[in-house]
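The values are calculated or read from the model by the stated rules, or taken from the named source; none is laboratory data. All values derive from a computational prediction rather than experimental measurement. Cβ placement follows ideal geometry from the backbone for every residue including glycine, while neighbour counts extend to all protein chains displayed. SASA here: full protein model, heavy atoms, side chains in, ligands and nucleic acids out. Shrake-Rupley method; radii C 1.70, N 1.55, O 1.52, S 1.80 Å.
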Amino acid sequence: MTIQGSLPVGSNPIAISTSPDGKIAYTATSSGYQTPSTIGVWDTEMQQQLCKYTTSEDANQLLVDKSGSYLFAVFQDKIEVLRTGCVDQFGKK
């Protein structure tokens with residue numbers, strides 16, 4: 001096994017999932033001192049972050065559905081279903 005690259009996700013990474021084609025990675029980081037919990041969206045080929053969402057608590061697990069359209073984020077007492085991709089504040093990709 002050899003390292004092919006790395007994603008600089010920040011401190012306390014706790015979960016990762018990839019799109020069915022492996023081109024996009026979704027990472028969850030745990031909150032820390034003055035650092036909110038986040039879900040990051042990454043281009044795995046370029047190893048660059050595409051966007052990041054702040055969450056109200058730590059996501060323990062991430063799972064992308066077979067179509068690649070939805071991300072399921074598991075929290076302590078709920079599961080959130082998110083549309084995949086990066087969306088701006090106006091809901092546009």
Checking Asp65, Asp58 in turn, the sole residue that is under 12 Å from the mean Cα position of the chain (by Cα), at pLDDT 90 or above and among the charged types (D, E, K, R) turns out to be Asp58
Identify the residue in the stretch 1-13 that is in contact with a strand residue (DSSP E or B) (Cβ under 6 Å, 6 or more places away or on another chain) and either aliphatic (A, V, I, L, M) or closer than 11 Å to Thr44 by Cα (or both) and, among all such residues, is surrounded by the most Cβ atoms within 10 Å (Cβ to Cβ). Val9
Which count do you get for residues in the stretch 36-76 that are open to solvent by less than 70 Å² (accessible area, probe 1.4 Å), among the charged types (D, E, K, R) and in contact (Cβ under 8 Å) with a residue 12 or more places away in the chain? 3
Scanning the stretch 9-36 for residues that are of a type outside the set (Ser, Thr, Tyr) and at pLDDT below 90 gives Val9, Gly10, Asn12, Gly32, Gln34, Pro36
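Of these, Ile79, Ile16, which one is in contact with a Leu (Cβ under 7 Å, 6 or more places away or on another chain) and either surrounded by fewer than 14 Cβ atoms within 10 Å (Cβ to Cβ) or in contact (Cβ under 8 Å) with a residue 12 or more places away in the chain (or both)?
Details: Ile79 fails: in contact with a Leu (Cβ under 7 Å, 6 or more places away or on another chain).
One residue alone meets the criteria, Ile16.
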